[in-house]
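Below is one structure, written out as structure tokens, with a few remarks after it.
The values are calculated or read from the model by the stated rules, or taken from the named source; none is laboratory data. No experiment lies behind these values; they were computed from the predicted model shown. Glycine gets a Cβ as well: all are built from the backbone with ideal geometry, and neighbour counts include every protein chain shown.
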Amino acid sequence: MSKNVSDQIVEMLVEAGVKRVYAVTGDSLNPVNDAVRRDGRLQWIHVRHEEAGAYAASMEAELNGIGCCMGSSGPGHVHLVNGLYDANKAGNPVIAIASTIHTEKMGLENFQETKPELLFQDCSKYVFQANTPKQAINGMQTAIQHAISKKGVAVLGLPGDVASANLESVHSSNGNFYTQPRISPSHEHLLELAKIINSHEKVMLFCGHGCRNAVDEVMQLAETLKSPLGYSFRGKIFFERTDNPYAVGLNGLLGNKSGFEAMHEADVLLMLGTDFPYSEFLPEKCKIIQIDTKPERLGRRAKVDFGYCGDIKSTLQELMPMVEGKTSTVFLDKMRSLHQKIETIYDSYVEEKGAEKQIHPEYVAHLVDKLATDDAIFTVDTGMSAVWAARYLKAGRNRYLTGSFNHGSMANAMPMAIGAGLSHPERQVIAFCGDGGISMLLGDLMTISQYQIPVKIIIFNNRSLGMVKLEMRVEGYMDWQTDMVNPDFVKLAESMNIAAWEAKESKDVEAAILNGLKHDGPAIINIFTDPNALAMPPSLNFEQVKGFAQSMTKLMVNGNFAEIVDTTKSELKYLRELL
């Protein structure tokens, strides 16, 4: 039997380092499915929804360097889009094959016809519709290289008749080229950078995901400069450890007062490998230096005075000999003291634990951090569950944490855990899921069950869209249509052959988590948490306080007195963070 286009595409995926593909097969995708089956080197993961497949592939790419998902004609393409947006914004190299209708039917508004080159344009670094066998192979090679080098999504549109066509010789390479160049500013720019740092006393480091491979270099710089070290959400898992004498916490919407004030009291803010999106939390009076591998990011979030193109590891290695050590620890000591005060307040939330069906989510997150392994992989939903992860999950020997931090989509944690669990079965994988998030892609719990992926899913079951509820109150609206009527998650899990535990009272939480984490296989831990638990930003302005007051007045007018009492108790508790 002669090789067809799909056979060659499978060989190219294997050569690129892809281990598995996430897809719902059918129609125009069947030739690729058959090629995967006959080749035997790729694992085909039959997800229930292509969006979940895209998220899983993105997570695999984030951890291992490349991932692959596929969707068939029309609806399968559209279902991929949300997960691919997330992958592209996160900088994860994902190959997406969008199989489509036969070439002779294109342009006639045929059944399930879409135009991949238009549909995927805004969520990819490269998209190409192949209409001949030669174009398919050339396009696949180019897609792989774009995903690797541009760090994002590359899409190949593949008509079914082209996928099953006999292979034709092409001139492009069948190999794939992973390069890791050292990137650093010029010697003159490094001297300029060192001069700025040396001439100012209070320097703060703010570190993002771009510091992932430069933790030792960042710590050495913090030691030399006696500087407070803050971090973004994507960067925290590398630096937020109890034995880090420079850590002052996060800034931003999920940040805390110490991370915020350290930035605003610094003479120089050194932003390392972070495309921090919350401009309103960044200072305007100090000098800001930004270093990033992508020069187009420099200065787009803050009033940057000096921007340099470089990877953090190489840049700091070359910079360190030029930097003069500082001796004063006054600035560092002040910010560390404030940070420890905030941590004490966070600890108090843990100690209070909460009442029946109103368990403090802080207590849950604290226990997960305490009981998880030292190299656990955490995935977190967007929403309130992300808040508790931001505040209570700490770094370990080799822990990793991720979520939809750039795209901000609901329902990401569970499908991301699928990709992490399949690509790293030797590590503990824990998903922090909101009840809203888990409900949105509930069907893919069956993917976890079918492949017995040993992920542990913590459901923060507060019976509401908690973050939306908070947003509405801050803006002065009475929260409406934010309540959730949930299924019995334990019975649901058991019907899917997934082990499950539940806690309605604080005394049952630790046993539920411990049993779930120790279970040899997938597990769901459903915790009934307090729907009025809040997330205070590091600073409140008058309009936000006014908004809270207005929303409470509207609740009173509508007769919701019990809710006012519960909410007010929570608000008073959380206001301690800002005092």
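Go through the stretch 400-418 residue by residue and tally those that are under 18 Å from residue 60 (Cβ atoms) and in a loop (DSSP other than H, G, I, E, B).
Kept after step one, since they are under 18 Å from residue 60 (Cβ atoms), are these residues of the stretch 400-418: 400-407, 409, 411-418.
Those left that are additionally in a loop (DSSP other than H, G, I, E, B): 404-407, 409, 411-412.
Matching residues across the stretch 400-418 total 7.
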Exercise. Taking residue 203, is it within 30 Å of residue 138 (Cβ to Cβ), modelled with pLDDT of 95 or more and among the β-branched types (Val, Ile, Thr)?
Worked result: no
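If you scan the stretch 247-262, which residues turn out to be within 24 Å of the chain's Cα centre (by Cα) and in a helix (DSSP H, G or I)? Let's see the steps before the verdict.
Taking the stretch 247-262 as the starting set, the residues that turn out to be within 24 Å of the chain's Cα centre (by Cα) are 247-260.
Hits for the stretch 247-262 are 257, 258, 259, 260.
Given the structure, is residue 377 among the β-branched types (Val, Ile, Thr), farther than 16 Å from residue 460 by Cβ and outside the structural domain of residue 237 (by TED's automatic domain parsing)? Spell out the reasoning first.
Numbers: among the β-branched types (Val, Ile, Thr): yes; farther than 16 Å from residue 460 by Cβ: yes; outside the structural domain of residue 237 (by TED's automatic domain parsing): yes.
Against the criterion (among the β-branched types (Val, Ile, Thr), farther than 16 Å from residue 460 by Cβ and outside the structural domain of residue 237 (by TED's automatic domain parsing)), residue 377 qualifies.
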Exercise. Within the stretch 392-411, is there a residue that is on the phi > 0 side of the Ramachandran plot, in contact (Cβ under 8 Å) with a residue 24 or more places away in the chain and aliphatic (A, V, I, L, M)?
Worked result: yes
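Can you confirm whether residue 430 is touching a strand residue (DSSP E or B) at 6+ places or on another chain (Cβ under 6 Å), farther than 25 Å from residue 65 by Cβ and not basic (Lys, Arg)? Explain how you work it out, then say what you get.
On the way: touching a strand residue (DSSP E or B) at 6+ places or on another chain (Cβ under 6 Å): yes; farther than 25 Å from residue 65 by Cβ: no; not basic (Lys, Arg): yes.
The answer is no for residue 430.
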Problem set entry | From the options 305, 311, residue that is among the acidic types (Asp, Glu), in the same structural domain as residue 266 (by TED's automatic domain parsing) and buried (at least 18 other Cβ atoms within 10 Å of the Cβ) | 311
Seminar exercise, completed: Out of (1) under 16 Å from residue 11 (Cβ atoms); (2) out of contact with any Phe, Trp or Tyr (no Cβ under 6 Å at 6 or more places or on another chain), the one residue 116 does not meet is (1)
Seminar exercise, completed: Cβ pairs under 8 Å, 6+ apart or interchain, first in the stretch 215-230 and modelled with pLDDT of 95 or more, second part of a loop (DSSP other than H, G, I, E, B) and of a type in the set (S, T, N, Q), ordered by first then second residue, are 219/244; 221/227; 226/327; 226/328; 226/329; 229/244; 230/251
Problem set entry | Test for residue 127: is it part of a helix (DSSP H, G or I), touching a Pro at 6+ places or on another chain (Cβ under 8 Å) and either at pLDDT 95 or above or not assigned by TED's automatic domain parsing to the domain that holds residue 93 (or both) | no
Exercise. With respect to the numbered conditions (1) buried (at least 17 other Cβ atoms within 10 Å of the Cβ); (2) of a type outside the set (D, E, K, R); (3) in the same structural domain as residue 283 (by TED's automatic domain parsing); (4) in contact with a Lys or Arg (Cβ under 7 Å, 6 or more places away or on another chain), which one is the sole condition not fulfilled by residue 219?
Worked result: (4)
Problem set entry | Scope the stretch 1-26; condition surrounded by fewer than 20 Cβ atoms within 10 Å (Cβ to Cβ), over 24 Å from the mean Cα position of the chain (by Cα) and closer than 11 Å to residue 41 by Cα; matching residues | 11, 14, 15
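Assess whether residue 391 counts as being buried (at least 20 other Cβ atoms within 10 Å of the Cβ) and either within 30 Å of residue 192 (Cβ to Cβ) or out of contact with any strand residue (DSSP E or B) (no Cβ under 8 Å at 6 or more places or on another chain) (or both).
Working: buried (at least 20 other Cβ atoms within 10 Å of the Cβ): yes; either within 30 Å of residue 192 (Cβ to Cβ) or out of contact with any strand residue (DSSP E or B) (no Cβ under 8 Å at 6 or more places or on another chain) (or both): yes.
Yes: the conditions hold for residue 391.
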